[in-house]
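Quick note: the coordinates plus some simple rules give every number you see, no bench work behind them. Since the model is a prediction, treat every value here as computed from it, not as a measurement. All Cβ positions, even for glycine, are placed from backbone atoms using ideal geometry, and neighbour counts span all protein chains on display.
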Amino acid sequence: MEESNSKAISVKALAKNFGKVMGGGDGSGSGAVAAVAGISFEVERGEIFGVIGPDGAGKTTLFRILTTLLLPDSGEAKVMGYDTVKDYREIRKIVGYMPGKFSLYQDLTVEENLKIFATLFNTTIEENYHLIKDIYGHLEPFKKRRAGALSGGMKQKLALSCALIHKPEVLFLDEPTTGIDPVSRKELWEMLGRLKKQGITIVVSTPYMDEASLCDRIALMQEGKFLMCDRPQAIIDSFGKNLFSVKGDNMGALLDGLREAKGVLSCFAFGDSHHITAEKDNGTSSAVTAASLKAELERAGFEGVEVTKTEPSVEDCFMELLSK
Amino acid sequence: MLKYLLEKEFKQFFRNKALPKMAVIMPFMAILIFPLVANFEIKNINLAIVDHDKSSTSRQLIEKVAAGGYFTISDVAESYAEAMNGIEVNRSDIILEIPARLENDLQREGKTTVQISANAVSAIKGGLGSTYLAGIIGEYNIEINGKITTVMNPHSITITPRFWYNPRLLYTYFMVPALMVMVLAMVCGFLPALNIVGEKESGTIEQINVTPISKLNFILSKLLPYWIIGFVVLTISFLAAWVAYGLTPVGSIGTIYLFAALFVLAFSGFGLVISNYASTLQQAMFMMFFFVLTFIFMSGLYTPVANMPQWAQNLSIISPLKYIIVVLRQVYLKGSTFTELHTPFWMLTSFAIFFNGWAVLSYRKKS
C-alpha cells in the first residue's frame, strides 16, 4: 500500500494542453493553451476541498481529468488510490460528478432522471434515499415534471441528487453555485456540510471567493496553476501585511492617488472601496497607519476620504498573489 | 440496465413532438408521393399542330396522336410561324407540321414527310416527346401501309419489345424498392448519429460517461431502438407499396429482411463514425448530408450505374446504398434468391465490418 492510497485524491505534476481549436472547456484559440499546467496536490478523505479561481483558470479541465472524462498529457492523478487513466472503471463506480452545465435529460421527468442514474449505478432510489432526502424532498412535489421545465435552483438540486444516488465516496461539483439565487446557494452549502458528515469527500470549484471560508481547504487557481493551497485561515494568516480599506468622493482618481502614496505596496479596487496593502508596522515612525494615510490623501486634495484598517479576506490574498 | 436505457430512448423518442410523426409519414411520402413526382415518364406534352393538308388522313393522324394520352393539343395553328409563337410563350412544347399534300403523296407515292419541332429547353420533355410522337406516327404508318401493302408485301417485320420483370415499364415499380432503402437509411443512419451528437451537445453524454455503464451497452441502447423503428418503418413501406400499387415482392420477404438487417448494421456503423467526429448537431447534419447525397447519386437510385462515366462507376462501389438497392429491386421485381445475391451480401458485410470497426477505433482515439 502506497502512502498516497490513504488520500482521497493525490495529484502529481498533472498537465493538460489544448491544441488549436479543441472545443472542449474554455480553450481560447491560438496555439496550445495550458489548461492545467503541472499541478500537484492532495485531498484528505472526508474534507471539503475548494478550487477557487476565475473563469478560464482550468478548474473544469482539472475536474474532467479527475472524473476520467479527459486524459492528462502528463503527470498522474489518483482518486481513492485508483489511477484516473488505468483504473477509470473503478473510479467511475465511486465518484459522483455534477458538471457546471446542467447535463440531465430535459425531456425526461425528475423521477425518470433520478431512476436512470440509479439504474446505471446498479442501485435503486430507495436504497440510498436517505442521502438525498434533504435535497430531493424539495423536488418530490415536482417529480412528474420534465427536468427542462425546472427553475435553475431546482435543476441544481436534481443534478446533485443524481450525482449522489449511488452513494459516491468522492463528490465532484463543478461550479455548483454559479447562476443560482443566494438562498439556494446557502442551502447547497448546508447540504455539503451534511454530506461531509456522512464521510463523503467533496471537491468543489467556485469563482466566488466568499465561499472559500466554507471549505476545509482551498486552492487558488489561476492560468492552470495552483497559486496557493491551504486552509482558508492559514492563507489569510500568511497575508503578512497591513490592509486598509479606503473610500473617497472621487474613487477613480483616488486609485491613482493611492498608488503614489508613501508606503503603499499595492492597491486594487475591492467592491465599493479600494484595498491597499502596506508593510506591517514594526514600531518605526515610517509605518503607514489609517490616520497617516488619510492625512496624506487630504494633503493631496482628495475629499471625503475614509480609511479603515481591515482584516484580509481570501480575495485579498488572491489579489495579492496575482499582483506578484 | 440495457433494458432501462432502451426504455429511456423510446420514452424520449415518443416524447419528441416531431420524430414519431415523421417516422410514420416518411414511408408514406416516400412510397406514395415520391414515385409520382420523381418520374421520367412524360405526360401532358403540349402539342401544336399545323395542318396544311386538312384531309381525312391528316385528321386521322391527329386523332391518333391525341388519343395516345401523352399529348394535349394546345394549339391548332395556320402557319409554322404562328405555332412557333406558341412555343415562345410556353403554350406548347412540340410542333407537328403536316404538309399540304400529305394525303395526295401518300396515295400516289406511298410516302410523305411530316415535321416535328421540339422545344429542347426541357431536354427530357422535348427529347422523349418527339420520340413518342415519332413512335405514334410510325404506328400510324404501319396501319395505313397495312391497308395498302398487306397483299403486296407480306414479309414486313415488326418489332414488339417485351420488358421482362416490369412488363409495363412502370417507373413506380422501379423506384419504390429503392425509395424504401432511402427511408431505412434515414431512420437507421441519421437518427442514432444525431441522437448521440445531441447528447454530446447537451452535455448529457458526460454525465453518462462518469457512470460504470460499458460503451457497448451505451451504443446498443442508441442503435437498437432505431433498428426496431427502422424495421417497423420498412414494414409500413411494404404495406404502403402493396396497398397503393399492388406491388409485392416476387422473391422471399425473408431475403429482403436479411439484407435490410445487414444494410442497417452497416449504415448505423457509418452513423456512429460521423457521431465520433462531429461535436455539434450542425456538423453532424452537414457531414451526413454530404455523404448520403454522394451515396444516393452513386447508388443508381435515379440513374443506372452503367450510365455513369467509368470513374464514377468505379467510385460507386463505395456506396452501400448501391448494393441494397440492387437487392431490393431484384428480389421485388425479379424474385432473386440469396444464391444470386452473393456480391451484395459480401459487400454489405464488408461495409458493416468496415464502418463499425472504424467507429470503434475512432472512438478510442478521442480522450
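Can you check what the net charge comes to around residue A:175, using other residues whose Cβ is under 10 Å from the Cβ of residue A:175 (Lys, Arg +1; Asp, Glu -1)?
Overall, the nearby charge balance is 0.
For residue A:279, project a label point 7 Å along Cα to C-beta. Then give me every residue of region A:285-324 with its amide nitrogen under 15 Å of that point.
Label zone hits: A:285-289.
Report the GluC sites (Glu not before Pro) located in region A:110-144 that are in a DSSP loop and have at most 10 other Cβ atoms inside 10 Å of their Cβ, or state none.
The qualifying sites are A:126.
Inside 10 Å of the C-beta atoms of B:4-15, what's the mean count of C-beta atoms belonging to other chains?
That average works out to 3.
More than 49 angstrom separation, counting every C-alpha pair in the protein assembly as shown; what % is that?
Roughly 44 percent, rounded to a whole number.
Once the Cβ-Cβ distance between residue B:311 and residue B:105 is put in as r, and R0 is 51 Å, what FRET efficiency do you end up with, to the nearest 0.05?
It comes out at approximately 0.50.
If we count every other residue with Cβ under 13 angstrom of residue B:218's Cβ, Lys/Arg +1 and Asp/Glu -1, where does the sum land?
+2
Summarise the partner chain shielding of A:100-106 as one whole number: the mean count of Cβ atoms from other chains within 10 Å of each residue's Cβ.
5
Explain nothing, just the number: dipole magnitude of the protein assembly as shown about its Cα centre with +1 on each Lys and Arg Cβ and -1 on each Asp and Glu Cβ, in debye rounded to the nearest 20.
2100
Which net charge results for the neighbourhood of residue A:247, defined as the other residues with beta-carbon distances under 10 angstrom from its beta-carbon, given Lys and Arg at +1 and Asp and Glu at -1?
-3
Cα-Cα pairs above 38 Å in chain B: how many percent?
Result: 39 percent of Cα pairs exceed 38 Å.
For region A:3-236, calculate the relative contact order in percent as a whole number, restricting contacts to Cα pairs under 8 Å that are 6 or more residues apart.
Answer for region A:3-236 is 28 percent.
Could you sort A:68-81, B:333-346 so that the peptide with the highest average Cβ count within 10 Å comes first and the rest follow in order?
Listed from highest to lowest mean packing, they are A:68-81, B:333-346.
Dividing the alpha-carbon Rg of region A:239-323 by 2.2 N^0.38 Å yields what?
My calculation over the Cα atoms of region A:239-323 gives 1.00.
Determine the relative contact order of region B:45-149: mean sequence separation of Cα pairs under 8 Å and six or more apart, normalised by residue count, in whole percent.
Over region B:45-149, the number comes to 31 percent.
Which residue fluctuates most in the GNM of chain B (Cα springs below 10 Å): B:250, B:197, B:114?
B:114
Please state the relative contact order of chain B as a whole percent: Cα pairs under 8 Å, 6+ residues apart?
In percent, rounded to a whole number, it is 18.
In square nanometres and to one decimal, what's the mean projected area of the convex hull around the Cα atoms of region B:45-149?
Directional mean of the projected Cα hull area for region B:45-149 stands at 6.0 nm².
Between residue B:340 and residue B:361, 0.36 nm times their residue separation minus their Cα-Cα distance comes to what?
The span from residue B:340 to residue B:361 would gain 4.2 nm if fully extended.
Could you check how many percent of all C-alpha pairs in chain A are farther apart than 33 Å?
Here the long-distance tail beyond 33 Å is 37 percent of all Cα pairs in chain A.
For residue A:194 and residue B:15, FRET efficiency with R0 = 35 Å and r from the beta-carbon atoms, rounded to 0.05?
Efficiency computed from Cβ-Cβ geometry: 0.50.
Give the cross-link partners of residue A:241 among the lysines, using a straight C-alpha distance below 25 Å as the criterion and excluding same-chain residues fewer than 8 apart.
Here the lysines satisfying the reach criterion relative to residue A:241 are A:225, A:262, A:280, A:294, A:309, A:324.
What translational diffusion coefficient, in µm²/s and rounded to a whole number, does the Stokes-Einstein relation yield for region A:72-182 at 4 °C and a viscosity of 1.567 mPa s, taking the hydrodynamic radius as the Kirkwood radius over Cα pairs?
In µm²/s, the coefficient is 88.
Which distance in nm do the two modelled labels at residue B:171 and residue A:145 give, with both placed 7 Å along the Cα-to-Cβ direction?
Simple spin-label model gives 5.6 nm for this pair.
Counting other beta carbons within 10 Å of each Cβ, put B:36, A:214, B:234 in order, fewest first.
Least crowded to most crowded, the residues run B:36, A:214, B:234.
Under the 0.36 nm per residue contour assumption, what length would be gained going from the current alpha-carbon distance of residue A:85 and residue A:223 to full extension?
47.3 nm
At R0 = 60 Å, how high is the FRET efficiency between residue B:142 and residue A:183 if r is their beta carbon distance? Nearest 0.05 is fine.
0.05
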